[in-house]
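Notes to accompany the following structure.
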Amino acid sequence: MNEYYDIQTETLPRDELKKLQLQRLRWQVERCYHLSPFYRERLDRAGVRPEDIKNLDDIRRIPVVTKQELRAEQQQHPPFGRYVVADKSDWGELHPSTGTTGVPVNTIWSKRDVANITDFTARVLWGAGVRPADVIQNGFSYGLWVAGMSVHYAAQKMGCFIIPVGATMTNR
């Protein structure tokens with residue numbers, strides 16, 4: 001059995017990996033700038049436009065966004081704020097944060113996000129030694145928090161047998 005989940009991605013030569021990272025960084029900045037008033041305002045305040053991203057070091061120019069800012073944005077523009085970049089027709093799932101540090105921050109996963117998160121999580125599981133037909137007792141919460149669902153989707157895609165206990169029923 002292969003030691004890699006996605007051999008093409010996981011064995012990219014360093015220069016190809018950097019090209020891919022830059023391509024994805026540019027795509028993300030472009031997407032956020034043009035589809036989200038929230039992110040556009042922050043990028044404009046920082047003096048950054050999508051065309052300014054020329055190399056990976058330019059990531060330092062992108063302002064950090066805090067959970068408090070996302071929370072405030074949702075309060076000012078309920079229920080999801082203006083930072084959602086996917087069109088409503090592409091929305092797949094809602095996943096708020098746990099709320100342990102305050103009001104939960106809602107996150108919309110597009111259908112593409114669900115597919116990407118599934119693949120990324122499958123790579124993590126594969127790297128940890130999980131293989132098809134393994135039994136996965138998923139103890140992550142199956143509420144709206146993201147971990148339970150991403151592990152479930154990834155294990156399912158990998159062909160594992162899943163016992164979805166979540167964070168409850170610990171006596172089992």
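Annotations
- Lysines with Cα under 17 Å of Lys19, excluding same-chain neighbours fewer than 8 positions away: Lys54
- Highest-first arrangement of 110-119, 127-136, where packing means the average Cβ count within 10 Å: 110-119, 127-136
- Taking every alpha-carbon pair under 8 Å whose residues sit at least 6 apart, the chain reaches a relative contact order of 16 percent.
Since every read-out is calculated from the coordinates, none of them should be taken as a lab result. Predicted model only: the values in this text are computed from it and were never measured. Counting neighbours? That spans all protein chains shown, and the Cβs are built from the backbone with ideal geometry, glycine included.
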